[in-house]
Amino acid sequence: MRTTVGIIGAGPAGLLLARLLDGAGIDSVVLESRDRAYVERRQRAGILEQGTVDVLRAAGAGERMDREGLRHDGIELRFDRRRHRVDFPALTGGRSVTVYAQTEICKDLIALRLQRGGPLLFEVEALAVEDPTGERPRVRFRHGGEEDVLECEYVVGCDGFWGVARKAVPAELSRVFERTYPFGWLGILADVPPSHDELVYARHARGFALLSMRSPSVSRLYLQVPDGTDAGAWDDEAIWDELERRFETDDDWRLERGPITQRSVTPMRSFVHEPMRHGRLFLAGDAAHIVPPTGAKGLNLAVGDVVAFARALTHRMRTGSTALLDAYSENCLRRVWQAERFSYDMTTLLHRAPGADPFEDRLQAARLERLVSSRAAETDLAEAYTGFPLD
């Protein structure tokens with residue numbers, strides 16, 4: 001098999017990259033280890049920055065998103081039983097975010113890929129990226145019990161933290177920066193309309209809580225829990241009781257309860273691998289970086305990566321210049337580190353670390369007071385939350 005761009009991973013990043021390349025007349029092959037049903041149902045991110053929304057629309061993948069997605073013009077911060085709304089459009093010149101689940105993005109992009117007849121292979125185990133610094137790098141893979149090789153001009157690893165792409169970067173050239181947090185998120189999906197029309201971020205003495213949603217009838221909620229918590233150790237009533245405590249306010253707001261259909265625990269970590277390019281191998285998304293979900297940046301960072309690669313390769317094909325490809329890692333990492341900074345700030349602002357002393361508690365309170373009393377501080381949060389420029 002031969003192609004111009006071999007894409008490992010059919011998550012939103014890999015699928016969107018294939019769509020962008022197709023629009024530029026550049027052929028690609030997408031290899032995905034899971035089956036189609038799994039890709040279309042795995043629950044991940046759901047908050048799309050303004051730039052991600054704009055890219056999906058421009059790629060012809062925004063019709064259902066515009067019809068079913070939920071535009072949000074702000075978030076609510078809660079602490080000390082108080083409520084404060086951050087108004088995104090007023091602070092950013094009209095920018096907003098959209099709630100539209102990653103599963104739905106994958107469904108849309110898979111359907112578009114198959115309509116155009118582009119190669120999209122499911123249940124393919126990528127084994128290795130070979131000769132990434134040569135003229136024709138290869139992806140060795142296993143499909144249907146048989147080993148084969150995909151010969152490419154470029155390989156883009158959108159295969160997540162545990163994939164093979166990053167392993168092809170020699171250890172002596174790699175730099176890794178990471179932070180593991182001593183808590184996680186117990187997340188639930190519940191068949192109940194959201195109790196608020198925008199996301200609610202709550203800081204409480206018992207720990208952080210987040211009220212989110214997947215649709216007008218499905219709520220997505222999270223509780224800060226100790227690292228290593230077993231999701232099965234919490235029964236439904238205990239989860240709702242704890243959410244109610246952490247979202248408490250001095251007004252008549254109430255948390256609506258309903259049947260919990262899914263639950264899981266997400267560990268919290270920050271991770272960056274530098275560089276994001278090695279020869280003709282390019283890393284994108286979780287293959288290169290992970291952020292704690294507090295800042296809603298993971299999916300959006302992956303979109304920024306593949307947009308940067310698609311623009312760089314299109315520029316190379318049209319002009320012969322490799323300048324943008326050569327600058328890929330540097331340009332992406334500039335945006336990545338801003339997202340890491342924002343996600344770290346949001347995480348340390350709203351979560352209570354185990355063993356935190358009164359000094360740390362007061363610092364958190366002071367940071368929140370500054371945020372809700374300063375337009376400049378609010379603007380910084382709103383600009384970061386709605387998205388850093390993709391260019």
Starting from residues that are farther than 15 Å from residue 154 by Cβ and among the basic types (Lys, Arg), keep the ones in the stretch 297-352 and report whichever is surrounded by the fewest Cβ atoms within 10 Å (Cβ to Cβ). 318
Which of the residues that make up the stretch 71-87 are touching a Lys or Arg at 6+ places or on another chain (Cβ under 9 Å) and assigned to a strand (DSSP E or B)? 74, 75, 76, 77, 78, 79, 84
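So which of 111, 90 ends up being under 21 Å from residue 302 (Cα atoms), assigned to a helix (DSSP H, G or I), without any contact (Cβ under 8 Å) to a residue 12 or more places away in the chain and not charged (D, E, K, R)?
111
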Here are some conditions: (1) on the phi < 0 side of the Ramachandran plot; (2) surrounded by fewer than 21 Cβ atoms within 10 Å (Cβ to Cβ). Residue 243 meets all but one. Which one does it not meet? (2)
Residues of the stretch 223-235 being free of Cβ contacts under 8 Å to residues at least 60 places away in the same chain and either polar (S, T, N, Q) or under 22 Å from residue 46 (Cβ atoms) (or both), in sequence order, are 223, 225, 229, 231, 234
For residue 77, which of the numbered conditions (1) in contact with a Phe, Trp or Tyr (Cβ under 6 Å, 6 or more places away or on another chain); (2) surrounded by fewer than 19 Cβ atoms within 10 Å (Cβ to Cβ); (3) more than 18 Å from residue 19 (Cα to Cα) fails to hold? (2)
Options 146, 153; residue that is surrounded by fewer than 22 Cβ atoms within 10 Å (Cβ to Cβ), over 23 Å from residue 289 (Cα atoms) and touching a Ser or Thr at 6+ places or on another chain (Cβ under 6 Å): 153
In the stretch 182-221, how many residues are in contact (Cβ under 8 Å) with a residue 60 or more places away in the chain, of a type in the set (Ser, Thr, Tyr) and part of a strand (DSSP E or B)? 3
For the stretch 21-44, state whether one or more residues are in contact with a Gly (Cβ under 6 Å, 6 or more places away or on another chain), assigned to a helix (DSSP H, G or I) and crowded, with 23+ Cβ neighbours inside 10 Å. no
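This table checks each residue for (1) out of contact with any helix residue (DSSP H, G or I) (no Cβ under 9 Å at 6 or more places or on another chain); (2) in contact (Cβ under 8 Å) with a residue 12 or more places away in the chain.
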position: 331; (1), (2): no, yes
position: 338; (1), (2): no, yes
position: 341; (1), (2): no, no
position: 350; (1), (2): no, yes
position: 372; (1), (2): no, yes
position: 376; (1), (2): yes, no
The stretch 120-136 residues that are in contact (Cβ under 8 Å) with a residue 12 or more places away in the chain and assigned by TED's automatic domain parsing to the domain that holds residue 277, paired with ones that are β-branched (Val, Ile, Thr) and part of a loop (DSSP other than H, G, I, E, B) (beta carbon under 6 Å, 6 or more apart): 126/164; 128/164
Pairs with Cβ under 6 Å, 6+ apart, first in the stretch 268-280 and within 22 Å of residue 322 (Cα to Cα), second of a type outside the set (Ser, Thr, Tyr) and part of a strand (DSSP E or B): 274/175; 276/283
Residues being buried (at least 19 other Cβ atoms within 10 Å of the Cβ) and farther than 15 Å from residue 73 by Cα: count how many of those fall in the stretch 47-58. 3
Determine, yes or no, whether residue 111 is out of contact with any Pro (no Cβ under 8 Å at 6 or more places or on another chain) and within 23 Å of residue 72 (Cα to Cα). no
Those residues of the stretch 155-209 which are among the charged types (D, E, K, R), within 19 Å of the chain's Cα centre (by Cα) and within 30 Å of residue 21 (Cα to Cα), in sequence order: 159, 166
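Is it the case that the stretch 146-158 has a residue that's closer than 30 Å to residue 221 by Cα and either touching a residue at least 24 places away in the same chain (Cβ under 8 Å) or hydrophobic (A, V, I, L, M, F, W, C) (or both)?
Checking the stretch 146-158: at least one residue is closer than 30 Å to residue 221 by Cα and either touching a residue at least 24 places away in the same chain (Cβ under 8 Å) or hydrophobic (A, V, I, L, M, F, W, C) (or both).
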Got a sec? Which helices (runs of 4 or more DSSP H) wholly within the stretch 272-391 have at least 3 residues that are closer than 25 Å to residue 212 by Cα and modelled with pLDDT of 95 or more? 298-319, 328-350, 358-373, 375-386
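The values are calculated or read from the model by the stated rules, or taken from the named source; none is laboratory data. Predicted model only: the values in this text are computed from it and were never measured. Glycine gets a Cβ as well: all are built from the backbone with ideal geometry, and neighbour counts include every protein chain shown.
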